[in-house]
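**Student:** Pasting in a structure now, in structure tokens, and then I'll have a few things to ask.
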Amino acid sequence: MQIEVCPILVFKDSLEGKNSIDLNWLALLLDDIGNGSSLVEASKKSEISYRGAWGKLNEAEDALGIPLVVRTKGHGSKLTEFGVFLIQFIHQMQVGYRDSGLMHQNILLKEIKKFQKTESVKWKFLSSSDSIIQKAVGEVKGIDLKIAGSGESLERLLNNEAHIAGYHVSDEKSSKAIHHRLSKNDIEIFPVMRRVQGLMVKKGNPLNIRTIYDLVNRKVRFINRQIGSGTRLLFDTLLLIEDIAPSEINGYLQEEFTHSAVANAILAGKADVGLGVKNIAIENGLGFIPLRDEVFFVAMKKEMLAQSEASKLIRKIRSYSSETPGYKAISLNRQIAGWL
């Protein structure tokens, strides 16, 4: 975005109130006409339509009470004596205005940059897709959220490419392994909520899908999550438990990047079923078959703990999860004994 401070002609209209015209633009338009250009040609150079240029010219003439251009049918347009004077007046004014105008423009831009820096995002938060996370971040200034898979979010945190990471796990063994790795790298882990993942299906469940094994039916079109997401890892784990090969699932290679995108694919008739969280299924009027509870964690570097945004973010997540179907807030480690 570019900002320019420039002189304008302000005039009052009894019906429309105050109007204004950029004097720099007006001088350039009149210059072109004075040098032999038609109003059509001059309007093109000024990057405005012929009708728009004519309208603004008429507004200026009405405001000043003096014609600036004489329009002669078949002979184009010529400047009046006052039109020539106005060009000279604007040019002379610009000479004096240039120094003071640039000074004030620089002051304005300097202050804008200062406030933008103050208000700009300070903390990078990479997190697995979740509507509660997105809602909570929307109420905490200074945090920039980027949706990524649980694995990518943690790797970026470990590589100092993020300040906070959100991830979810569905079994105690995986949770302990992640906790051990993060703790060795001076990263604090906070359990914030428990949520339900399951199969989202069309309303009424017309294909009568009940379990993961029902997805082996080639008539059932599945929509998967991207590699690296916690939901994809959960699905692959469930296939392993059921001894089902990915190649047996019609649509295993078809991917979306969020729970909402999976729901939309089902609503649009592009798929019959996909793995996702309960509240997204409810919000979209889809059927839901619960499969596995999982715990959502927020991890961050220890130095982040001193920032008020971090504690506010965690409070908001826990607050929203306590009032959303398919979620349950977790505020104490003992609520998930055995996971850490």
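The values are calculated or read from the model by the stated rules, or taken from the named source; none is laboratory data. Since this is a predicted model, take the numbers as computed values, not measurements. Every residue, glycine as well, gets a Cβ built from its backbone with ideal geometry; the counts of neighbours run over all protein chains shown. Note: areas computed on protein heavy atoms with side chains; ligands, DNA, RNA excluded. Shrake-Rupley method; radii C 1.70, N 1.55, O 1.52, S 1.80 Å.
**Student:** Consider the range 320-337. How many of its residues are open to solvent by 60 Å² or more (accessible area, probe 1.4 Å) and part of a helix (DSSP H, G or I)?
**Tutor:** 3
**Student:** If we keep just the residues of the range 161-176 that are open to solvent by 60 Å² or more (accessible area, probe 1.4 Å) and free of Cβ contacts under 8 Å to residues at least 60 places away in the same chain, which is farthest from SER129 (Cα to Cα)?
**Tutor:** LYS173
**Student:** Moving to a separate point now. Please enumerate the residues belonging to the range 290-317 that are among the basic types (Lys, Arg) and assigned to a helix (DSSP H, G or I).
**Tutor:** Passing the criteria: LYS302, LYS312, ARG315, LYS316.
**Student:** Cβ-Cβ under 6 Å, sequence separation 6+ or interchain: first residue in the range 316-335 and under 17 Å from GLN197 (Cα atoms), partner of a type in the set (Phe, Trp, Tyr) and assigned to a strand (DSSP E or B). Which pairs?
**Tutor:** SER321/TYR327
**Student:** Given the criteria open to solvent by less than 10 Å² (accessible area, probe 1.4 Å) and within 23 Å of PRO325 (Cα to Cα), does ILE209 qualify?
**Tutor:** Here the answer is yes, as ILE209 does meet what is asked.
**Student:** Return the residue satisfying two criteria in turn: it lies in the range 164-178 and is of a type in the set (A, V, I, L, M, F, W, C) and assigned to a strand (DSSP E or B), and of such residues it is farthest from ALA299 (Cα to Cα).
**Tutor:** This residue is VAL169.
**Student:** Can I ask one more? Go through (1) in a helix (DSSP H, G or I); (2) over 23 Å from VAL277 (Cβ atoms) and name the single condition ASN160 misses.
**Tutor:** Of the numbered conditions (1) in a helix (DSSP H, G or I); (2) over 23 Å from VAL277 (Cβ atoms), the odd one out for ASN160 is (1).
**Student:** While we're on this one: Could you check the range 23-59 and list, in sequence order, the residues that are within 16 Å of GLN88 (Cβ to Cβ) and not polar (S, T, N, Q)?
**Tutor:** Scanning the range 23-59 gives LEU23, LEU26, ALA27, LEU28, LEU29, LEU30, ASP31, ASP32, ILE33, GLY34.
**Student:** When you check SER129 against the structure, is it at pLDDT below 90, surrounded by 21 or more Cβ atoms within 10 Å (Cβ to Cβ), of a type in the set (Gly, Ala, Ser) and touching a Ser or Thr at 6+ places or on another chain (Cβ under 6 Å), yes or no?
**Tutor:** yes
**Student:** Would you say GLY228 is among the small types (Gly, Ala, Ser), under 16 Å from GLY151 (Cβ atoms) and surrounded by fewer than 22 Cβ atoms within 10 Å (Cβ to Cβ)?
**Tutor:** So GLY228 fits the description; yes.
**Student:** Identify, please: which residue in the range 13-43 is modelled with pLDDT under 70 and more than 40 Å from the chain's Cα centre (by Cα) and is, among those, most open to solvent (accessible area, probe 1.4 Å)?
**Tutor:** LEU15
**Student:** Would you please list the contacts, defined by Cβ atoms under 9 Å and residues six or more apart or on different chains, that run from a residue in the range 294-309 that is free of Cβ contacts under 8 Å to residues at least 60 places away in the same chain to a residue that is acidic (Asp, Glu) and open to solvent by 20 Å² or more (accessible area, probe 1.4 Å)?
**Tutor:** GLU303/ASP186
**Student:** Considering only the range 179-203, how many residues are open to solvent by 20 Å² or more (accessible area, probe 1.4 Å), in contact (Cβ under 8 Å) with a residue 40 or more places away in the chain, not in a strand (DSSP E or B) and not basic (Lys, Arg)?
**Tutor:** Looking only at that region, the number is 2.
**Student:** Given the options LEU275, LEU240, LEU233, name the one that is within 17 Å of SER170 (Cβ to Cβ), of a type outside the set (Ser, Thr, Tyr), in contact (Cβ under 8 Å) with a residue 60 or more places away in the chain and open to solvent by 80 Å² or more (accessible area, probe 1.4 Å).
**Tutor:** Selected residue: LEU233, the only one of LEU275, LEU240, LEU233 that is within 17 Å of SER170 (Cβ to Cβ), of a type outside the set (Ser, Thr, Tyr), in contact (Cβ under 8 Å) with a residue 60 or more places away in the chain and open to solvent by 80 Å² or more (accessible area, probe 1.4 Å).
**Student:** Let me ask something else about it. Based on what the data block shows, is ASP99 charged (D, E, K, R), touching a strand residue (DSSP E or B) at 6+ places or on another chain (Cβ under 7 Å) and at pLDDT below 80?
**Tutor:** The answer is no for ASP99.
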